[in-house]
Amino acid sequence: MISAEIASVILDYHSKWSVGIFTSSLTLASFLFTMKSFVIQTVKDKIYDSPSYKDKVKQRRESGTDVEYYGGLKRLSFLLKWTILAALINSMLQLCLSPFENVWFAIICLLASVFTGILFFSVVWIVSENMRDLIEQAEQKAESEEK
């Protein structure tokens, strides 16, 4: 059971931030939905279709590892899809449950926000790792052309 003081703090916090969380979740979902096709296509063209990546996959397969050629891209697409859905669900929870001023509804809304945030940070991490690979490939290509 939640004490009255903790319940009051949770309700107060949620009532102050529910509109901001709703807006940011809806904006995040819209942004990721718009960006998804572009990111997936760019990462595929620039990283997964590059000769250096093909060589990495070939080496891993020759060493006996079962590697999908586009496995990383499939996982990134899957994560983007679920992050978009989590953000939309989070915004709907904020919109539908906030007016009731119930501590359990507020906890559900806040936990949904935390979950959406974790998914979003995972997307940012994976995309930044792919961009790091892209920059390394460009650096290697520039060095090889210089010689």
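Given a 1.4 Å probe and heavy atoms of the protein chains only, how would you sort MET35, MET131, largest accessible area at the top? Walk me through the intermediate numbers first.
Numbers: MET35 45, MET131 65 Å².
Solvent-accessible surface, decreasing: MET131, MET35.
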* Structure fact -> Extension length gain for GLN59 and SER30 (0.36 nm per residue less Cα distance), in nm, is 6.5 nm
* Using θ = phi - 60° and the Karplus relation 6.51 cos²θ - 1.76 cosθ + 1.60, list the HN-Hα couplings for the range 47-56 in order, rounded to whole Hz, with x at every Gly or Pro. => 10, 6, 9, 7, x, 5, 5, 4, 5, 4
* To do: Go through [x] -0.58, -1.06; [y] -0.42, -1.23; [z] -0.37, -1.19 and flag the label whose value is the computed log10 I(q)/I(0) by the Debye sum over Cα atoms at q = 0.11, 0.19 Å⁻¹ for this structure.
  => [x]
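Determine the gain in length on full extension of the stretch LYS141-LEU95; use 0.36 nm per residue of separation and subtract their C-alpha separation, reporting nm with one decimal. Walk me through the intermediate numbers first.
Numbers: separation 46, 0.36 × 46 = 16.56 nm, distance 5.01 nm.
Stretched fully, the LYS141-LEU95 segment lengthens by 11.6 nm.
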* Asked: Which of GLY20, GLY72, GLY64 moves most in a GNM of the chain, Cα contacts under 10 Å?
  -> GLY64
* Structure fact -> Within the set VAL123, VAL39, VAL67, GNM on the chain using Cα springs under 10 Å gives the largest fluctuation to VAL67
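One quarter of the convex hull surface, Cα atoms only: what value does that give for the range 36-101 in nm²? Don't jump to the answer; show the numbers that get you there.
Working: hull surface 24.2 nm².
Mean shadow area of the hull around the Cα atoms is 6.0 nm².
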* Structure fact -> Once normalised by the length of the chain, the mean sequence separation of its alpha carbon contacts under 8 Å that are 6 or more apart gives a contact order in percent of 36 percent
* Heavy-atom surface of the chain, accessible at 1.4 Å and reported per residue (Å²) -> 68 Å²
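The range 4-94: which GluC sites (Glu not before Pro) are DSSP loop and have at most 15 other beta-carbon atoms within 10 angstrom?
GLU68
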* What lysines sit close enough to LYS56 to cross-link, taking a C-alpha to C-alpha distance under 17 Å and skipping anything fewer than 8 places away on the same chain? -> LYS44, LYS46, LYS141
* Structure fact -> Under the 7 Å Cα-to-Cβ spin-label approximation, VAL9 and SER128 lie apart by a distance in nanometres of 3.0 nm
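State the percentage of accessible surface on the chain attributable to carbon and sulfur atoms; use a 1.4 Å probe and exclude ligands, DNA and RNA. Before the final figure, lay out the partial values.
On the way: 6550 of 9930 Å².
Summing carbon and sulfur atoms, their accessible area is 66 percent of the total for the chain.
About the Cα centre of the range 6-147, how large is the charge dipole given +1 on each Lys and Arg Cβ and -1 on each Asp and Glu Cβ? Please answer in debye to the nearest 20.
About 300 debye.
The values are calculated or read from the model by the stated rules, or taken from the named source; none is laboratory data. What you see is a predicted model; the values in this text were computed from it and never measured. We place every Cβ from the backbone using ideal geometry, glycine too, and count neighbours over all the protein chains shown. Accessible surface areas use protein heavy atoms only, side chains included; no ligands, DNA or RNA. Shrake-Rupley method; radii C 1.70, N 1.55, O 1.52, S 1.80 Å.
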